[in-house]
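Enquirer: Got a structure here, written out as structure tokens. Questions coming.
The values are calculated or read from the model by the stated rules, or taken from the named source; none is laboratory data. All of these numbers come straight from a predicted model, not from anything done at the bench. Quick reminder, even Gly has a Cβ in these numbers, built from the backbone with ideal geometry, and neighbours come from all protein chains shown.
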Amino acid sequence: MKKIIYAIAALMCWNTVNAQTDKGSVLIKNATVLTVTNGTLEDTDILVENGVIRRIGQGLSAGNNVTTVDASGKYVMPGIIDAHSHIALDVVNEATSPITSEVWMGDVVDPYDVGIYRALAGGTTISHAMHGSANAIGGQNVTLKHRFGTHDPEDLFMKEAPRTIKFALGENPTRVHGRGNNIQPRTRMGVEAVIRNGFNEALQYKKRWADYEQASKQRNSKAIAPKYDSRLQTLVDILDGDIIIHCHSYRADEIYMLIQVCKEFGIKNIVFSHVNEGFKVAPELAEYTMGASVFADWWAYKFEVYYSTAFNAAILNQNGVLTSINSDSGELIRHLYHEAAKTQRYGGLTDDEALALITINPAKQLGIGDMVGSIEEGKQGDLVIFDNHPLSVYAIPQMTFVDGVKYFDINEDKDDQRLKVNPTELVEPIFLKEHDHKCMHDLDFLFTEAEHLFNFHNH
Amino acid sequence: MRKINLIIASFLFCLLPFLASAQIDGEVIKPRSGKFLLTNATIVTVTNGTMENASLLIENGKIQGIGTGLSASDAEEIDCTGHYIYPGMFDSGTKLGMVEINSVQETVDHTELGSVTPNMQALTTINPNAVAIPVTRVSGVTTTLAVPGGGIFSGTAALINLNGYTPDQMYAGFKGIVMNYPSSARRSTWDRRSDEDIKKDAEKALKNINEVWQRATMYSEINAAEGDLEYYPEMEHLAKAVTGELPLLIEVNAANDILEALKWLEDKEDVNVILTGVAEGWRVADKIAEAGYPVITGPMLSIPTRGSDRFDVSYTNPGKMLKAGVKVAIRTNDTENVRNLPFNAGFAAAYGMGKEEALKAVTIVPAEIFGVEDNLGSIEEGKSATLFVSDGDPFETKTQIKHVFIEGYRVPMSNRHIQLYQEFLERDPGLEKHSK
């Protein structure tokens, strides 16, 4: 019996080895290197071997089989990381209950989305593929590395990234469930109740299992295991600190509410997303959370973002909140470097502070800050080469590497980069309004006036 | 009586500190006119090159003088050493001032019911106090085209300057009738019509347009012959587009629709045409250039219209059309983020249009398209003092805009975004209940 188990284990190991994604080697020469965590290095080389940054320095050389890229006069920065995205997903919302923690976006990853390539063409190498904002507690998210070209969704998963889950406060869950389905939550009070009830049920569930395990240790135990419930088990995992919450939120009151709830339940792993009024509770965000992931300048598309300011990121940063800038959009994900630069217009952030908003800071918020998000020896070889400083409006990404493999080269772009063409589509559709990836996707069935409710920015 | 006066006086005296502080509390900085001398600046005139170390005199709402060694002792002097003066930027297609909050229907005033409503006036619906207006103008965008939406003939667009207390004070001298050319494209991913249905809808819409146009033509002919006409405000208005009295802004985006629109226009020689949108203009740029119509395009910061398109086609579109010989102005087609116009222009510049041409596409070119080039769009003596001062290239993201003048009014460099920044940068109390 044992032998068989060993054999299976060995087989599984062999499988994982085989299932490894491509790792590349490259030597980038003579670049201005924006390390983010260690300042700017002029006229510097970066050697990536087997997907990992091996050396940073001058006069580096590599073996004959390693491609060398001359980056004289060019800038290299870490691959851009988007902490809030919906690209490469078939569906976004499981809007059937105010709590759907049992679902996982890893089950609906679409490796054919040309949006992945477009993100690469904008220097974005990692995106946090999130559940939508229909539910107070939504589904679990998946962190993707943009290894475009594969047909296997799993190749896109950043398997070493910790688990994360989507929460949502305010207008979206109250609109979908309260106004749409006439069930709690219809108000921000209801949202709090749904979350509190969920956590308390999870504690009871955890206790049932603990009691059962205790009882089953007794000799001749006749204890019966409680019914497995993946929804509650996921909430238990949150309470145990194994999952990072990324919470869609806008108003200061609702952000403050969830901070209080998390404090009460001992939850420290929480990032607030969008968080347009985060600037009003910046000291609280700094003290009790893993920070805020914000838009550079979006506001006024709905009431809960009417009292916003483009200086949000600057205020948060100044108050010591770990801050990132995200896209929540298949459009913005193509120029997050430009979105980050807006914090220089609105609040005068330094180059390093602005670049951190789209590299090391979101990496930390996704729990991958020790692997990516800066140019350091030992980190993964996710790099972008720009012709100009990436915070300049005139900057154009030239090459993008993930794990040392080049996935975008502006000089090798084929125009049509689709991996698959729909055979039933005789005429290629043309979309005039932004065909975008948004929080409130897949909810049109809930409302007859869906076009009105959802056509505008509904993040 | 005197005693009472004295008591009141002393009471008021005691109140003085409170009154004074109350004044600071409620202090409002208003736009103000006057005589201003901007000195030691680099003036980017757009039409006459760049002048170093020059001064600019503003009086009576006009640029009264430009040059070196200019002086005016009674003018308020603003030292612009190390700074640049640019003409105010135009956003040639927005909903700014026509909607306050997109998702709150009660505040959305840009789209009237009905498909033939050319008499709906954008200028009527402009809210001079829209919160987004001061948010926009501190970016150096001083002039916007307010465009009504929906239907076939949506209404009449109006050019406005972003300062004033009434729409008439804001009006900048251009109106045009908006036409949505029947689209063979999908409106969005929500649009799940079949290819055939889309084609049918477009054909139906074109038939509809032709009927309406014929009626408007008849109206103008009867009118010209001084015949009796019943009250018919839609046709009365549309007739002005037929005769060319008011320009016709034709929104058209898909390549095939652009070609169809050009064909439709072939026998309409009197019509004063401006093409808008033109997202796929790069596919048929030569044809547009041949027809000779000016184009208002944008935003650049948008996704390509087709999955098979190169990633940067929205960035390169204006440059490609310009190269083919089309007169191109840039718009955001936005509401609350019209302030991103310079960044759209920046992307257009980086991706083929070049900085100089991109600057023209947001200044003198739209001024020419709208027929207001005698007054706006460049820094020239006698033109409206609608301009801004910056510490660098206004397209560059980190550049700070220092001063904005709109028709001679120095507008406050403040808005709700800035006020929230000032209030919350250092919150007191911070984390504790009371400040330490």
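Enquirer: Could you check, for the range A:361-375, whether at least one of its residues is assigned to a strand (DSSP E or B), farther than 30 Å from B:SER139 by Cβ, touching a strand residue (DSSP E or B) at 6+ places or on another chain (Cβ under 9 Å) and not polar (S, T, N, Q)? Full working, then the answer.
Expert: Step one: list which residues in the range A:361-375 are assigned to a strand (DSSP E or B), which gives none.
No: zero hits.
Enquirer: Kindly provide the set of residues from the range A:107-144 that are surrounded by fewer than 24 Cβ atoms within 10 Å (Cβ to Cβ) and under 28 Å from A:VAL236 (Cα atoms), ordered by number.
Expert: A:ASP107, A:VAL108, A:VAL109, A:GLN140
Enquirer: Give B:LYS207, B:LYS175, B:LYS199 a once-over and let me know the one that is assigned to a strand (DSSP E or B) and either out of contact with any Cys (no Cβ under 7 Å at 6 or more places or on another chain) or within 14 Å of another protein chain (Cβ to nearest Cβ) (or both).
Expert: Only one candidate passes the filter, namely B:LYS175.
Enquirer: When the residues of the range A:42-66 are filtered to those that are in contact (Cβ under 8 Å) with a residue 40 or more places away in the chain and part of a loop (DSSP other than H, G, I, E, B), which remaining residue is nearest to A:LEU383 (Cα to Cα)? Before the answer, list the steps.
Expert: So the first thing to find is which residues in the range A:42-66 are in contact (Cβ under 8 Å) with a residue 40 or more places away in the chain, and the list is A:46, A:48-56, A:65-66.
Okay, now just the ones that are also part of a loop (DSSP other than H, G, I, E, B), so A:50-51, A:65-66.
Working: A:ASN50: 14, A:GLY51: 11, A:ASN65: 20, A:VAL66: 16 Å.
In this case the residue turns out to be A:GLY51.
Enquirer: Any residue that is in contact (Cβ under 8 Å) with a residue 60 or more places away in the chain, at the interface with chain A (Cβ under 9 Å from one of its Cβ atoms), in contact with a Ser or Thr (Cβ under 8 Å, 6 or more places away or on another chain) and among the hydroxyl-bearing types (Ser, Thr, Tyr) - is there at least one of those in the range B:351-359?
Expert: Within the range B:351-359, not a single residue is in contact (Cβ under 8 Å) with a residue 60 or more places away in the chain, at the interface with chain A (Cβ under 9 Å from one of its Cβ atoms), in contact with a Ser or Thr (Cβ under 8 Å, 6 or more places away or on another chain) and among the hydroxyl-bearing types (Ser, Thr, Tyr).
Enquirer: Residues that are under 28 Å from A:PRO390 (Cβ atoms), of a type in the set (A, V, I, L, M) and within 14 Å of chain B (Cβ to nearest Cβ): does the range A:64-83 have at least one? Outline the logic, then answer.
Expert: The initial filter retains those residues of the range A:64-83 that are under 28 Å from A:PRO390 (Cβ atoms), namely A:66-83.
Among the residues that remain, those that are also of a type in the set (A, V, I, L, M) are: A:66, A:69, A:71, A:76-77, A:80-81, A:83.
Imposing the further condition that a residue be within 14 Å of chain B (Cβ to nearest Cβ) reduces the set to none.
Within the range A:64-83 (the criterion being under 28 Å from A:PRO390 (Cβ atoms), of a type in the set (A, V, I, L, M) and within 14 Å of chain B (Cβ to nearest Cβ)), the answer is no, since none of the residues qualifies.
Enquirer: If we keep just the residues of the range A:385-429 that are within 7 Å of chain B (Cβ to nearest Cβ) and touching a strand residue (DSSP E or B) at 6+ places or on another chain (Cβ under 8 Å), which is surrounded by the fewest Cβ atoms within 10 Å (Cβ to Cβ)?
Expert: Here the answer is A:PRO429.
Enquirer: Of the residues A:THR100, A:THR96, A:THR124, which single one is without any contact (Cβ under 8 Å) to a residue 12 or more places away in the chain, assigned by TED's automatic domain parsing to the domain that holds A:GLN184 and not aliphatic (A, V, I, L, M)?
Expert: A:THR96
Enquirer: Still on this structure: List the pairs whose first member sits in the range B:138-160 and is touching a residue at least 60 places away in the same chain (Cβ under 8 Å), whose second member is surrounded by fewer than 24 Cβ atoms within 10 Å (Cβ to Cβ) and among the acidic types (Asp, Glu), and whose Cβ atoms are under 8 Å apart, counting only residues at least 6 apart or on separate chains?
Expert: If the second residue must be surrounded by fewer than 24 Cβ atoms within 10 Å (Cβ to Cβ) and among the acidic types (Asp, Glu), the pairs left are B:PHE153/B:GLU234.
Enquirer: So which residues in the range A:112-129 are hydroxyl-bearing (Ser, Thr, Tyr) and more than 11 Å from every other protein chain (Cβ to nearest Cβ), if there are any at all?
Expert: Residues of the range A:112-129 hydroxyl-bearing (Ser, Thr, Tyr): A:112, A:117, A:124-125, A:127.
Of everything in the range A:112-129, those that are hydroxyl-bearing (Ser, Thr, Tyr) and more than 11 Å from every other protein chain (Cβ to nearest Cβ) turn out to be A:THR124, A:THR125, A:SER127.
Table: residues versus (1) away from chain B (no Cβ under 14 Å); (2) closer than 18 Å to A:ALA168 by Cα; (3) buried (at least 23 other Cβ atoms within 10 Å of the Cβ).
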{"position": "A:HIS248", "(1), (2), (3)": "yes, yes, yes"}
{"position": "A:ILE255", "(1), (2), (3)": "no, yes, yes"}
{"position": "A:LYS263", "(1), (2), (3)": "no, yes, no"}
{"position": "A:ALA292", "(1), (2), (3)": "no, yes, yes"}
{"position": "A:TYR307", "(1), (2), (3)": "no, no, no"}
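Enquirer: Take the range A:15-39 and flag every residue that is modelled with pLDDT of 95 or more, outside any loop (DSSP other than H, G, I, E, B) and either of a type outside the set (Val, Ile, Thr) or surrounded by fewer than 16 Cβ atoms within 10 Å (Cβ to Cβ) (or both).
Expert: Going residue by residue through the range A:15-39, those that are modelled with pLDDT of 95 or more are A:22-39.
Now narrow it down to the ones that are outside any loop (DSSP other than H, G, I, E, B): A:26-34.
Across the range A:15-39, the qualifying residues are A:LEU27, A:LYS29, A:ASN30, A:ALA31, A:LEU34.
Enquirer: Given the criteria at pLDDT 95 or above, over 18 Å from B:GLU407 (Cβ atoms) and either within 13 Å of chain A (Cβ to nearest Cβ) or crowded, with 22+ Cβ neighbours inside 10 Å (or both), does B:ALA122 qualify? Before the answer, list the steps.
Expert: Details: at pLDDT 95 or above: yes; over 18 Å from B:GLU407 (Cβ atoms): yes; either within 13 Å of chain A (Cβ to nearest Cβ) or crowded, with 22+ Cβ neighbours inside 10 Å (or both): yes.
For B:ALA122, the condition - at pLDDT 95 or above, over 18 Å from B:GLU407 (Cβ atoms) and either within 13 Å of chain A (Cβ to nearest Cβ) or crowded, with 22+ Cβ neighbours inside 10 Å (or both) - is met.
Enquirer: Just a yes or no: is a residue in the range B:274-294 buried (at least 22 other Cβ atoms within 10 Å of the Cβ) and of a type in the set (D, E, K, R)?
Expert: yes
Enquirer: Mind checking which pairs have a first residue in the range A:381-403 that is in contact (Cβ under 8 Å) with a residue 40 or more places away in the chain and on the phi > 0 side of the Ramachandran plot and a second that is buried (at least 24 other Cβ atoms within 10 Å of the Cβ) and not polar (S, T, N, Q), Cβ under 6 Å, 6 or more apart or different chains?
Expert: A:ASP403/A:GLY381
Enquirer: Restricting to the range A:67-99, name every residue that is part of a strand (DSSP E or B) and more than 27 Å from A:PHE148 (Cβ to Cβ). Steps first, answer last, please.
Expert: Of all residues in the range A:67-99, those part of a strand (DSSP E or B) come to A:67-70, A:75-78, A:80-85, A:89, A:99.
Of everything in the range A:67-99, just one residue is part of a strand (DSSP E or B) and more than 27 Å from A:PHE148 (Cβ to Cβ), namely A:ILE99.
Enquirer: Further question on the same structure: For A:GLN260, work out the one condition from (1) in contact (Cβ under 8 Å) with a residue 12 or more places away in the chain; (2) of a type in the set (S, T, N, Q); (3) more than 24 Å from A:ALA88 (Cα to Cα); (4) not in a loop (DSSP other than H, G, I, E, B) it doesn't fulfil.
Expert: So the condition that A:GLN260 fails would be (1).
Enquirer: Given the criteria within 30 Å of B:PRO299 (Cβ to Cβ), of a type outside the set (D, E, K, R) and either assigned by TED's automatic domain parsing to the domain that holds B:ILE177 or out of contact with any Lys or Arg (no Cβ under 7 Å at 6 or more places or on another chain) (or both), does B:LEU265 qualify? Give the steps one after another, and end with the answer.
Expert: Numbers: within 30 Å of B:PRO299 (Cβ to Cβ): yes; of a type outside the set (D, E, K, R): yes; either assigned by TED's automatic domain parsing to the domain that holds B:ILE177 or out of contact with any Lys or Arg (no Cβ under 7 Å at 6 or more places or on another chain) (or both): yes.
Yes; evaluated as a whole, the condition is true for this residue.
Enquirer: Same structure, new question: Can you confirm whether B:ILE222 is surrounded by fewer than 17 Cβ atoms within 10 Å (Cβ to Cβ) and among the aliphatic types (A, V, I, L, M)? Step through it out loud before you land on a result.
Expert: Details: surrounded by fewer than 17 Cβ atoms within 10 Å (Cβ to Cβ): yes; among the aliphatic types (A, V, I, L, M): yes.
Yes; evaluated as a whole, the condition is true for this residue.
Enquirer: Scan the range A:103-121 residue by residue and report those that are closer than 18 Å to A:ASN141 by Cβ and either of a type outside the set (A, V, I, L, M, F, W, C) or free of Cβ contacts under 8 Å to residues at least 40 places away in the same chain (or both). Give the derivation first.
Expert: Step one: filter the range A:103-121 for residues closer than 18 Å to A:ASN141 by Cβ, giving A:103-111, A:113, A:115-116, A:119.
A:VAL103, A:TRP104, A:MET105, A:GLY106, A:ASP107, A:VAL108, A:ASP110, A:PRO111, A:ASP113, A:GLY115, listed by residue number.
Enquirer: Given the criterion modelled with pLDDT under 95, buried (at least 20 other Cβ atoms within 10 Å of the Cβ), within 13 Å of chain A (Cβ to nearest Cβ) and in a loop (DSSP other than H, G, I, E, B), identify the matching residue among B:SER183, B:SER139, B:SER188. Reasoning before the result, please.
Expert: Values: B:SER139 fails: modelled with pLDDT under 95; B:SER188 fails: buried (at least 20 other Cβ atoms within 10 Å of the Cβ).
Exactly one of B:SER183, B:SER139, B:SER188 is modelled with pLDDT under 95, buried (at least 20 other Cβ atoms within 10 Å of the Cβ), within 13 Å of chain A (Cβ to nearest Cβ) and in a loop (DSSP other than H, G, I, E, B), namely B:SER183.
Enquirer: Shifting gears a bit: How many of the residues in the range A:170-209 are more than 27 Å from the chain's Cα centre (by Cα), over 16 Å from A:VAL261 (Cβ atoms), without any contact (Cβ under 8 Å) to a residue 24 or more places away in the chain and assigned to a helix (DSSP H, G or I)?
Expert: Residues in the range A:170-209 being more than 27 Å from the chain's Cα centre (by Cα), over 16 Å from A:VAL261 (Cβ atoms), without any contact (Cβ under 8 Å) to a residue 24 or more places away in the chain and assigned to a helix (DSSP H, G or I): 6 in total.
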